[in-house]
Amino acid sequence: YRDYEKSLQDAKVARSTTYGRDTKELAAVMQQLDASATEWAATTIFHTNDVANAISEAAHAGWDLDQIMTGLPAAMQLAQAGSMDLSESVNYIVKASNAAGIEMEDLSTFIDLWTFAANSSASTVEEFGEAMLRMGSTMRFAANPEELMTLIAVTANAGATGSEAGTMIRN
């Protein structure tokens, strides 16, 4: 459990900027994250180390407790759909949702659209993530997430995937 403890300690340090160092509130948050990490690891395909690393990644991205509790299950869904590492999934979600202006309550729908579009095109979930990272905040020009995913899928079907697709759409 050395890596697990290290990752949760890392998340604690990241969250201390919000809750203060060694406060009761921070201790309660970390206790809830520890319990959730154990539960998620016991009920999913992910190991406790995977979950703890993802929590740390989310904490460093500035997610608060509620965002982690909402965002990690969505990240697990994306990681499973794309056969990706859970921390990588969190990284894609953080950057893509921030750049596209996706609210946390809309995250599950965003992930559903993402996985459906990737699996319905000549691309992968991970390549869609790369495309969105390359596009950055220019993703906001799409009228809605459905249009964004359609643009990436059409570009993939035309032969450009991943960051190349993101560059083409951005330009």
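At a 1.4 Å probe radius, which order do S121, S89, S108 fall into by accessible area, largest first?
Sorted by accessible area, descending: S108, S121, S89.
Compute the helix-to-body angle for 65-82: its Cα long axis versus the longest principal axis of the chain, expressed 0 to 90° and rounded to tens.
Once rounded, one gets 50 degrees.
What shape does region 4-114 have by the C-alpha gyration tensor, where a ≥ b ≥ c are the square roots of the eigenvalues, rounded means a/c under 1.5, and otherwise prolate means a/b greater than b/c and oblate the rest?
oblate
Just how large is the dipole of the chain about the Cα centre, in debye to the nearest 20, putting +1 at every Lys and Arg Cβ and -1 at every Asp and Glu Cβ? Before the final figure, lay out the partial values.
On the way: 10 positive and 23 negative charges, 76 e Å.
With only Lys, Arg, Asp and Glu charged at Cβ, the dipole is about 360 debye.
Most mobile of A52, A14, A142 per a Gaussian network model of the chain (Cα springs, under 10 Å)?
A142
To test your reading of the geometry: what angle, between 0 and 90 degrees and rounded to tens, separates the Cα axis of helix 48-60 from the longest principal axis of the chain?
Roughly 80 degrees, rounded to the nearest 10.
For the charge dipole of the chain, defined by +1 on Lys and Arg C-beta atoms and -1 on Asp and Glu C-beta atoms about the Cα centroid, which residue among F116, S16, T43 has the Cα displaced farthest towards the positive pole?
S16
Provide the net charge surrounding A99, with neighbours chosen by a C-beta distance below 12 Å and charges set as Lys +1, Arg +1, Asp -1, Glu -1.
Taking every other residue near A99 into account, the sum is +4.
Under a cut-off of 21 Å between alpha-carbon atoms, report the lysines in cross-link reach of K24, not counting same-chain residues fewer than 8 places apart.
Within the straight-line cut-off, K24 pairs with K6, K12.
Can you give the helix-only mean residue ellipticity at 222 nm for the chain, where every DSSP H stretch with n ≥ 4 adds -39500 (n - 2.57) and the sum goes over all residues, rounded to the nearest 500 deg cm²/dmol?
-24500 deg cm²/dmol
The values are calculated or read from the model by the stated rules, or taken from the named source; none is laboratory data. Remember, it's a predicted structure, so these values are computed and weren't measured experimentally. Here Cβ is always computed from backbone atoms with ideal geometry, including for glycine, and neighbour counts include all displayed protein chains. Each accessible area value is taken on the protein alone, full model and side chains, heavy atoms only, with ligands, DNA and RNA left out. Shrake-Rupley method; radii C 1.70, N 1.55, O 1.52, S 1.80 Å.
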